[in-house]
Amino acid sequence: MKKLTIRDVDLNGKTVIMRVDFNVPIDKDGKVSDDTRITAALPTIKYAVEKKAKVILLSHLGRPKGGPDPKYSLKPVADHLKKISGLNVLFVPHLIGEEVKQAVKNMKPGDVLILENTRFHPGEEKNDLELAKAWAELADIHVNDAFGTAHRAHSSNVGIAMFIPSVAGFLMEKEIEFLNKVTYEPEHPYVVVLGGAKVSDKIGVITNLLNKADKLLIGGAMMFTFFKAKGIPVGSSLVEDDKLELAKEILKQAEQKKVQIILPVDTVIAQKMEAGTESRVVEIKGGIPDGWMGLDIGPQTIRLFGESLKDAKTVVWNGPMGVFEIDDFAKGTKAVAELIAKVNGTTVIGGGDSAAAVAKFGLESAYSHVSTGGGASLEFLEGKELPGITSIADKKK
Ligand code: AMP
């Protein structure tokens, strides 16, 4: 079902309440240290401003414990938005009540008003409908542009849609378009690349995408659970010992479904997970010696993965191939990022660590889509219904 977007509604003279994701890092001096998420929301905000709407913005920041905490105030975000956008940005340090109503009343078309951190209200994360109603009463239309919270039913994204129509912003629209494509309508050959620390985090994605993918490439610490399940010595590599049966089951299912699971053939090992420590490359078939751990995929594996990716028409990648935070063990992740960047087809990078990795390598613009939501993109790929997407109004057929 297609969702209504901000383009489908008349905004002229209307008041819009927009849920954005301004969950950005704030440095010691109280300044925004990375404004990627703010600039990402700008096209939707500017569109509403150009259509002469009054724009109220809602966002959470960090994890305050259900009450105000100055450390997580959105004031620095408001200051930053004002500086970079040239818009008339106002801020009220409240979420509901007279001050907020008055501030909205004083707004002129094209003004932008940021309310305080939504999580300062204990009702937000409980999807409190009184709170949702109080917000809905401020506006005519709700715009949802916060994909990162789409897997959560909160007052600011889900509850509010019970009182006024909710439509998707441009960021949300793009997330839905690309995640839909790779989850439900991929072009073949379809290659799924998974890495990261744990099999258990990715099991839902594996189970769902085994019904769609042609090949599943596995890297990251996750590979060692598969190797141990196959009886290969893994030294002191990170392994989930309680998931060995699960790994065997996945291999069996893949065989039944005729999906090729491609596991690494070599790995970079070290005795410590530290920069500058002695490291070497070993073949998997010989096992990993005691006292050593696998921290990245090796050069033969990079070539092997490259063969699979070469002709792919759809690629999804979630989870780094090694400990990419340490440069000595980032080569595999970087190489895979570059291989996927060269694919002539739809390429989608999951949020969280994989998004951080492609940003580290300066490759963000080389893919069809880099998701802004870690947890939300995983749940989408698992085939789950996301409450923060269900709540957006459907387009009539
Ligand atoms: P995830 O959040 O599950 O995608 O896991 C990402 C984390 O897995 C990153 O912090 C990586 O450093 C870590 N990781 C990837 N490969 C390995 C490995 N071989 N050993 C230990 N940690 C790893």
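The values are calculated or read from the model by the stated rules, or taken from the named source; none is laboratory data. Every value quoted in this text rests on a predicted model; they were computed, and no experiment measured them. Here the Cβ positions follow ideal geometry from the backbone for every residue, glycine too, while neighbour counts run over all protein chains shown. These area figures cover heavy atoms from the full protein model, side chains too; ligands, DNA and RNA do not enter into them. Shrake-Rupley method; radii C 1.70, N 1.55, O 1.52, S 1.80 Å.
Only one entry of Ser371, Ser365 meets the criterion of being closer than 23 Å to Thr36 by Cα and open to solvent by less than 30 Å² (accessible area, probe 1.4 Å), and that entry is Ser371.
Answer yes or no as to whether Val191 is in the same structural domain as Gly345 (by TED's automatic domain parsing), within 14 Å of the ligand (Cβ to nearest atom), open to solvent by less than 10 Å² (accessible area, probe 1.4 Å) and in contact with an Asp or Glu (Cβ under 8 Å, 6 or more places away or on another chain). Spelling it out, it is not the case that Val191 is in the same structural domain as Gly345 (by TED's automatic domain parsing), within 14 Å of the ligand (Cβ to nearest atom), open to solvent by less than 10 Å² (accessible area, probe 1.4 Å) and in contact with an Asp or Glu (Cβ under 8 Å, 6 or more places away or on another chain). When you go through Gly204, Gly219, Gly169 one by one, which is the residue that is within 21 Å of Glu379 (Cα to Cα), more than 16 Å from the ligand (Cβ to nearest atom) and either open to solvent by less than 60 Å² (accessible area, probe 1.4 Å) or touching a strand residue (DSSP E or B) at 6+ places or on another chain (Cβ under 8 Å) (or both)? So the residue among Gly204, Gly219, Gly169 that is within 21 Å of Glu379 (Cα to Cα), more than 16 Å from the ligand (Cβ to nearest atom) and either open to solvent by less than 60 Å² (accessible area, probe 1.4 Å) or touching a strand residue (DSSP E or B) at 6+ places or on another chain (Cβ under 8 Å) (or both) is Gly169. Leu238 falls short of the stated requirement of being within 12 Å of the ligand (Cβ to nearest atom) and assigned to a strand (DSSP E or B). Of the residues making up segment 313-336, those that are among the β-branched types (Val, Ile, Thr) and within 13 Å of the ligand (Cβ to nearest atom) are Val323, Ile326, Thr333, Val336. The residues of segment 274-316 that are among the basic types (Lys, Arg) and within 23 Å of Glu185 (Cα to Cα), listed by number, are Lys310, Lys313. For segment 278-314, the set of residues classified as of a type in the set (Ser, Thr, Tyr) and within 15 Å of Lys331 (Cβ to Cβ) consists of Ser279, Thr301, listed by residue number. Among the residues of segment 25-59, those that are modelled with pLDDT of 95 or more, open to solvent by 30 Å² or more (accessible area, probe 1.4 Å) and assigned to a helix (DSSP H, G or I) comprise Pro43, Lys46, Tyr47, Glu50. Here is a check on your reading of the model: is Thr301 in a helix (DSSP H, G or I), of a type outside the set (Lys, Arg) and within 9 Å of the ligand (Cβ to nearest atom)? For Thr301, the condition - in a helix (DSSP H, G or I), of a type outside the set (Lys, Arg) and within 9 Å of the ligand (Cβ to nearest atom) - is not met.
Among Glu137, Glu185, Glu130, which is over 15 Å from Ala41 (Cβ atoms), free of Cβ contacts under 8 Å to residues at least 24 places away in the same chain and more than 28 Å from the chain's Cα centre (by Cα)?
Values: Glu137 fails: free of Cβ contacts under 8 Å to residues at least 24 places away in the same chain; Glu185 fails: more than 28 Å from the chain's Cα centre (by Cα).
Result of the check over Glu137, Glu185, Glu130: Glu130.
When Lys212 is tested against (1) in a helix (DSSP H, G or I); (2) away from the ligand (no atom under 16 Å from the Cβ), exactly one condition is not met: (1). Among the residues of segment 241-259, the ones that are closer than 21 Å to Asn208 by Cα and open to solvent by less than 100 Å² (accessible area, probe 1.4 Å) come to 12 in all. State yes or no: is Ala247 aliphatic (A, V, I, L, M), under 27 Å from the mean Cα position of the chain (by Cα) and within 30 Å of Ala359 (Cα to Cα)? So Ala247 fails the test.
Identify, from the list Lys310, Lys342, Lys285, the residue that is more than 9 Å from the ligand (Cβ to nearest atom), open to solvent by 20 Å² or more (accessible area, probe 1.4 Å), modelled with pLDDT of 95 or more and within 24 Å of the chain's Cα centre (by Cα). Before you say what the answer is, go through the steps one by one.
Working: Lys310 fails: within 24 Å of the chain's Cα centre (by Cα); Lys285 fails: within 24 Å of the chain's Cα centre (by Cα).
Every option except Lys342 fails the conditions.
Restricting attention to segment 91-111, the residues that are over 22 Å from Glu124 (Cα atoms) and either among the hydrophobic types (A, V, I, L, M, F, W, C) or touching a helix residue (DSSP H, G or I) at 6+ places or on another chain (Cβ under 6 Å) (or both) total 2.
So which of Gly123, Gly62, Gly110 is surrounded by fewer than 24 Cβ atoms within 10 Å (Cβ to Cβ) and more than 25 Å from the chain's Cα centre (by Cα)? Lay out the reasoning, then the answer.
On the way: Gly123 fails: more than 25 Å from the chain's Cα centre (by Cα); Gly62 fails: more than 25 Å from the chain's Cα centre (by Cα).
After ruling out the rest, the residue left standing is Gly110.
Scanning segment 228-235 for residues that are in contact with a strand residue (DSSP E or B) (Cβ under 8 Å, 6 or more places away or on another chain), among the small types (Gly, Ala, Ser) and open to solvent by less than 10 Å² (accessible area, probe 1.4 Å) turns up nothing.
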